[in-house]
Amino acid sequence: MPTNIDAKERLITALDLPGVAQARQKVEELEGVVSFFKIGLTLQLAPGVEQLIQELIRGGKRVFLDYKYYDIPETVKTAVSRAVDLGVSFLTVHGSTPVIQGAVKGRGSSPLKLFAVTVLTSMDKADLAELGYENLSVEELVLFRARKALEAGCDGVIASGREARQVKALAGGSRLLVVTPGIRPDGYAEDDQKRRTTPADAILAGADYLVIGRPIVGAAEPREAAERILAQMREAFDKAAAGRG
Ligand code: C5P
């Protein structure tokens with residue numbers, strides 16, 4: 001059963017490139033195929049990144065600012081209100097309830113959506129043990145943090161496709177959005193992503209948005225790579241809707 005979900009709205013391409021000129025060029029190469037871009041730490045200190053963000057938004061694109069804010073609540077509140085002024089659509093925060101509440105205050109009544117990072121998709125159980133979480137599985141920590149984020153007023157969480165189903169179940173289905181990185185189409189290199197899923201598996205597990213960097217921006221033919229992923233996403237959204245219907 002076809003859905004009314006537009007896969008193009010759900011694909012966020014991570015502009016993890018060395019500078020603004022390269023990012024701008026990639027956006028041009030993807031014109032008409034990708035309309036939602038993630039800007040993260042790779043570009044945070046690049047000269048001209050603020051202009052790039054403004055340019056994208058003026059050009060009708062959406063921007064996910066993945067700066068993973070984590071600081072005292074008052075500082076986070078002010079930083080988030082700056083992101084509101086810039087007009088970005090999504091923003092990430094880390095953290096405990098007071099930090100997230102600071103972000104929620106900074107967002108105010110704006111349409112900015114706040115996402116809490118749960119456990120990075122590059123981490124597995126051994127990485128958690130190294131951080132001191134020896135008695136928790138990745139799933140338990142993701143779910144614990146997702147529950148806290150929901151209670152503190154986040155719109156969603158960043159979680160791998162492996163936990164997406166349980167996270168959605170937590171929120172009774174739809175209230176908490178799940179943004180999923182660590183996406184690797186079949187046959188693509190793993191890179192540093194330990195909790196990987198294919199685009200289709202992530203969507204079938206309940207992911208609302210996919211974040212994809214290297215498989216698109218590092219491809220020899222980025223437009224074709226994005227088109228192929230979009231086709232897989234469309235099919236999976238249709239299949240997911242059929243399963244629900
Ligand atoms: O190139 P790749 O598809 O692995 O890029 C994934 C993007 O998603 C990166 O920009 C990374 O910073 C981000 N991300 C992630 N895992 C998280 C949160 C964000 O990979 N849990």
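FYI, it's all coordinate maths here, none of it is from the lab. Source: prediction; values computed, not measured. Virtual Cβ from ideal backbone geometry, glycine too; neighbours counted across all protein chains shown.
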Q) So between GLU9 and GLU50, what do we pick up on full extension, going 0.36 nm a residue minus the alpha carbon distance? A) 12.5 nm
Q | the range 20-143: C-alpha gyration tensor shape, a/c 1.5 cut-off, then a/b vs b/c | A | oblate
(Q) From the convex hull of the Cα coordinates of the range 99-180, what is the mean projected area in square nanometres? (A) 5.5
Q. Among the aspartates and glutamates, which have Cα under 16 Å from the Cα of LYS194 when same-chain residues fewer than 8 positions away are ignored?
A. ASP124, ASP127, GLU130, GLU139, GLU163, ASP186
Q) Separation between the LEU131 and GLU151 pseudo-spin-labels, each 7 Å from Cα along Cα→Cβ, expressed in nm? A) 1.9
Q | 5 angstrom amide H check on ALA14, placed H, neighbours 5+ away | A | LYS38, ILE212, GLY213
Q.
For a quick check: with amide H placed at 1.01 Å from N, whose amide H comes under 5 Å from ASP66's, ignoring anything fewer than 5 positions away on the same chain?
A. ILE39, GLY40
Q) Tell me which aspartates and glutamates have Cα within less than 16 Å of LYS239's Cα, excluding those fewer than 8 residues away on the same chain? A) ASP6, ASP201, ASP208
**Q.** Amide hydrogen neighbours beyond the local backbone of VAL93, cut-off 5 Å, H modeled
**A.** TYR69, PHE115, ALA116, VAL117
Q: Quick one: of LYS38/LYS113; LYS8/LYS68; LYS26/LYS61; LYS105/LYS168; LYS8/LYS168, which pairs are farther than 18 Å apart, Cα to Cα?
A: LYS8/LYS68; LYS105/LYS168; LYS8/LYS168
Q.
Please list, in order along the range 37-44, the HN-Hα scalar couplings obtained from phi with the Karplus expression 6.51 cos²θ - 1.76 cosθ + 1.60 (θ = phi - 60°), rounded to whole Hz, x for Gly and Pro.
A. 10, 9, 10, x, 4, 4, 9, 3
Q) Using 1/(1 + (r/R0)^6) with R0 = 22 angstrom and r between the beta carbons of GLU29 and SER89, what's the FRET efficiency to the nearest 0.05? A) 0.55
(Q) Need one word for the chain: rounded, prolate or oblate. Basis is the Cα gyration tensor (sqrt eigenvalues a ≥ b ≥ c); a/c below 1.5 gives rounded, then a/b vs b/c decides. (A) rounded
Q) In whole Hz, what ³J(HN,Hα) sequence does the range 11-28 give by Karplus (6.51, -1.76, 1.60; θ = phi - 60°), x for Gly and Pro? A) 9, 10, 8, 7, 7, 8, 10, x, x, 5, 4, 5, 5, 4, 5, 5, 4, 5
Q: Using θ = phi - 60° and the Karplus relation 6.51 cos²θ - 1.76 cosθ + 1.60, list the HN-Hα couplings for the range 45-51 in order, rounded to whole Hz, with x at every Gly or Pro.
A: 9, 6, x, x, 5, 5, 5
